[in-house]
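Visitor: Once you've had a glance at the structure underneath, I'll fire off some questions.
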Amino acid sequence: MQKILLLHVLSVFVLCSYAQKADKLINIKEVSRIEKTLSSDDMKGRAVFTPGIDKAAAFIASEFEKTGLQKPSNGNGYLQTFHMLKPTLISVEGTINGESIDPKNLIVITPLPDLSIGEKSGYEIVQIGKGAELFSEAYKHYSSGKNRLVLVDTSFSANFLRLTYFKRQLPENNANTVFLLGTAVPATYAIKARHSFTSSSLSNVVGIIPGKSKKDEYVIFSGHYDHLGIGKPLNGDSIYNGANDDAAGSTAVIMLAKYFKKLGDNERTIIFTTFTAEESGGFGSQYFSRQFEPAKVMAMFNIEMIGTESKWGKNSAYITGYEKTNMGEIMERNLQGSGFSFKADPYPEQQLFYRSDNATLAKLGVPAHTISTSKMDSEKYYHTADDEFETLDMQNMTQIIRAIAISAKSIIAGTDTPSRVDTSSLK
């Protein structure tokens, strides 16, 4: 009995110690300074391929530099740069079972200037059937990393050409996806497409604190720093500042980097990253995730929209995919007695677990979860010009960042390892 009491007293002492350090190192003044800078009008809404997002990246990199984070070995300083292709269709043609295909019924997404495929090319043939959610199913196939011929039911004829959305920008190493309007699986087919491309670069911002005894085991903290840029004016304001979405998450990443660097006691290597291009397809996190062997990533804390109260009020947030690993349970255990609570995602119908920057690694089995407070059924300023610094609860946001820091302590120390995501049901 005395031993149990001693362990309880010791755990309370450790929690209080971490909480005191978090309160000191993660303070509202510094959180507000970073959030206000990232969501300022000077950043012009941080849209991809604009000077505003370049300015935001430079600011985040400067914060990483001041903090003393290590630069990634495959980066341009703290910038992890990759290239995107904008295709222009020159020609497309095809036959199915010997009959010509109407070009309007064919959409070819490829990074190759000349693509020629047939039934012997080894493409997976999959179908989007009547009654399916067209765009979510199309995105699943487009982002699968596999070469696929996707047969789209003719009930989607009116919206079929809208799938050209996926051709606006694509990574230079993207897999090939061919959408064909029609229901029957072909015995034979031949499809050819020619494109020209213009190339543009995008950059994630990445900093590292090497681990002490477990350098090859990684814990990732992430958020995305891009937003919508300049849009439709609202009361004379056309800058979509994205203060909550997701300057808040990027602010958290920067503050957590400062916190863990000051502590200097991480046994596992910690990687801090702010992603680009989340709003336009998640390309930044997809590129970032390909740099890692999934088995070496022990956990990913992706932070998205924490600037407002959750549906339960202050001192609470939810974890997407809570039931898929025991990571949430570990985090809650580390927070016992703090007054803060993490909840399961209250919006399961929106399938948020696979809709944010944690998704690529989660699909590979990594316990990668998004932490958020966003009321997905009633978030007033979501994707509007009013998503500005003044609409955020900075005190509550600061408390959430402290809670994330404390809840991660045993995972970073290597004494807890979350269970993996079961990917057996994913195609």
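The values are calculated or read from the model by the stated rules, or taken from the named source; none is laboratory data. Everything quoted here is computed from the prediction, not taken from an experiment. Heads up, the Cβs are rebuilt from the backbone with ideal geometry, glycines too, and the neighbour counts pull from every protein chain shown.
Visitor: Find the residue count for the stretch 391-410, including only residues that are part of a helix (DSSP H, G or I) and either under 17 Å from N358 (Cα atoms) or among the acidic types (D, E) (or both).
Guide: Pass one, the stretch 391-410, residues part of a helix (DSSP H, G or I): 391, 394-407, 409-410.
In the following step, the residues that additionally are either under 17 Å from N358 (Cα atoms) or among the acidic types (D, E) (or both) were identified as 404.
Count: 1.
Visitor: Within the stretch 42-79, which residues are assigned to a loop (DSSP other than H, G, I, E, B) and under 16 Å from H224 (Cα atoms)? It would help to see each step written out before you state the result.
Guide: Of the residues in the stretch 42-79, the ones assigned to a loop (DSSP other than H, G, I, E, B) are 44-50, 68-69, 71-75, 77-78.
Residues satisfying the conditions are K44, G45, R46, A47, V48, F49, T50, Y78.
Visitor: Looking at G328, is it touching a helix residue (DSSP H, G or I) at 6+ places or on another chain (Cβ under 9 Å), assigned by TED's automatic domain parsing to the domain that holds I404 and at pLDDT below 95? Explain how you work it out, then say what you get.
Guide: Details: touching a helix residue (DSSP H, G or I) at 6+ places or on another chain (Cβ under 9 Å): yes; assigned by TED's automatic domain parsing to the domain that holds I404: yes; at pLDDT below 95: no.
In short, no.
Visitor: Right, something else. Being farther than 17 Å from V205 by Cα and buried (at least 23 other Cβ atoms within 10 Å of the Cβ) narrows it down to one residue among A295, A362; which is it?
Guide: Numbers: A295 fails: buried (at least 23 other Cβ atoms within 10 Å of the Cβ).
That would be A362, the only listed residue that is farther than 17 Å from V205 by Cα and buried (at least 23 other Cβ atoms within 10 Å of the Cβ).
Visitor: Continuing with this model, one more query. Which is within 23 Å of Q169 (Cα to Cα), modelled with pLDDT of 95 or more and of a type in the set (S, T, N, Q), of T273, T370? Write out each step before concluding.
Guide: Details: T370 fails: within 23 Å of Q169 (Cα to Cα).
Criteria check complete, one pass: T273.
Visitor: Check R194 against each of (1) assigned to a strand (DSSP E or B); (2) closer than 19 Å to F82 by Cβ and name the one condition it does not meet.
Guide: Tallying (1) assigned to a strand (DSSP E or B); (2) closer than 19 Å to F82 by Cβ, R194 fails exactly one: (2).
Visitor: For the stretch 390-402, indicate whether the set of residues that are under 30 Å from Y142 (Cβ atoms) and either crowded, with 24+ Cβ neighbours inside 10 Å or basic (K, R) (or both) is non-empty. Reasoning before the result, please.
Guide: Looking only at the stretch 390-402, we keep the residues that are under 30 Å from Y142 (Cβ atoms), and these are none.
No, that holds for no residue.
Visitor: Kindly establish whether S238 is surrounded by fewer than 20 Cβ atoms within 10 Å (Cβ to Cβ), modelled with pLDDT under 95 and more than 22 Å from Y322 (Cα to Cα). Spell out how you get there, then give the answer.
Guide: On the way: surrounded by fewer than 20 Cβ atoms within 10 Å (Cβ to Cβ): yes; modelled with pLDDT under 95: no; more than 22 Å from Y322 (Cα to Cα): yes.
In short, no.
Visitor: Give the residues of the stretch 80-120 that are among the hydroxyl-bearing types (S, T, Y) and either over 30 Å from F64 (Cβ atoms) or not in a strand (DSSP E or B) (or both), sorted by residue number.
Guide: Filtering the stretch 80-120 for residues among the hydroxyl-bearing types (S, T, Y) gives 81, 88, 91, 95, 100, 110, 116.
Selection gives T88, S91, T95, S100, T110, S116.
Visitor: Are any of the residues in the stretch 31-41 outside any helix (DSSP H, G or I) and closer than 30 Å to N204 by Cα?
Guide: In the first step, residues of the stretch 31-41 are kept if they are outside any helix (DSSP H, G or I); the result is 39-40.
Okay, now just the ones that are also closer than 30 Å to N204 by Cα, so 39-40.
So far as the stretch 31-41 goes, yes, one or more of its residues are outside any helix (DSSP H, G or I) and closer than 30 Å to N204 by Cα.
Visitor: Tally time: how many residues in the stretch 70-111 are among the hydroxyl-bearing types (S, T, Y), surrounded by fewer than 19 Cβ atoms within 10 Å (Cβ to Cβ) and under 15 Å from K192 (Cα atoms)? Steps first, please.
Guide: Step one: list which residues in the stretch 70-111 are among the hydroxyl-bearing types (S, T, Y), which gives 73, 78, 81, 88, 91, 95, 100, 110.
If we keep only those that are surrounded by fewer than 19 Cβ atoms within 10 Å (Cβ to Cβ) as well, we get 73, 81, 88, 91, 95, 100.
Imposing the further condition that a residue be under 15 Å from K192 (Cα atoms) reduces the set to 88, 91, 95, 100.
Number of matching residues: 4.
Residues checked against (1) in a loop (DSSP other than H, G, I, E, B); (2) at positive phi; (3) without any contact (Cβ under 8 Å) to a residue 24 or more places away in the chain:
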site: M298; (1), (2), (3): no, no, no
site: M305; (1), (2), (3): yes, yes, no
site: T308; (1), (2), (3): yes, no, no
site: I330; (1), (2), (3): no, no, no
site: P346; (1), (2), (3): yes, no, no
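Visitor: May I ask you to list pairs of residues, at least six apart or on different chains, whose Cβ atoms are under 7 Å apart, with the first in the stretch 392-409 being not assigned by TED's automatic domain parsing to the domain that holds L25 and the second being assigned to a helix (DSSP H, G or I) and of a type outside the set (D, E, K, R)?
Guide: none
Visitor: Could you give every pair whose Cβ atoms fall below 6 Å, whose first residue belongs to the stretch 356-379 and is farther than 23 Å from Q399 by Cβ and small (G, A, S), and whose second residue is at pLDDT below 95 and assigned to a loop (DSSP other than H, G, I, E, B), counting only separations of at least 6 or pairs across chains?
Guide: From the stretch 356-379, the pairs are G365/T423.
Visitor: Sort out which residues of the stretch 338-353 are surrounded by fewer than 15 Cβ atoms within 10 Å (Cβ to Cβ) and touching a helix residue (DSSP H, G or I) at 6+ places or on another chain (Cβ under 6 Å), and write them in order of number.
Guide: Hit for the stretch 338-353 is A344, nothing else.
Visitor: Here is a further query. Could you tell me which of the residues Y259, Y218, Y189 is surrounded by 20 or more Cβ atoms within 10 Å (Cβ to Cβ), in the same structural domain as L89 (by TED's automatic domain parsing) and in contact (Cβ under 8 Å) with a residue 12 or more places away in the chain?
Guide: On the way: Y259 fails: in the same structural domain as L89 (by TED's automatic domain parsing); Y218 fails: in the same structural domain as L89 (by TED's automatic domain parsing).
Result of the check over Y259, Y218, Y189: Y189.
Visitor: Filter the stretch 353-383 down to the residues that are over 24 Å from A405 (Cβ atoms), hydroxyl-bearing (S, T, Y) and not in a helix (DSSP H, G or I) and list them by number.
Guide: Answer for the stretch 353-383, where residues must be over 24 Å from A405 (Cβ atoms), hydroxyl-bearing (S, T, Y) and not in a helix (DSSP H, G or I): S378, Y381, Y382.
Visitor: Which residues, counting only those in the stretch 121-155, are farther than 26 Å from D357 by Cβ, free of Cβ contacts under 8 Å to residues at least 60 places away in the same chain and assigned to a strand (DSSP E or B)?
Guide: Keep residues of the stretch 121-155 that are farther than 26 Å from D357 by Cβ, which gives 121-123, 125, 127, 129-131, 149, 151-155.
Keeping just the survivors that are free of Cβ contacts under 8 Å to residues at least 60 places away in the same chain gives 121-123, 127, 129-131, 149, 151-155.
The answer is Q127, L149, L151, V152.
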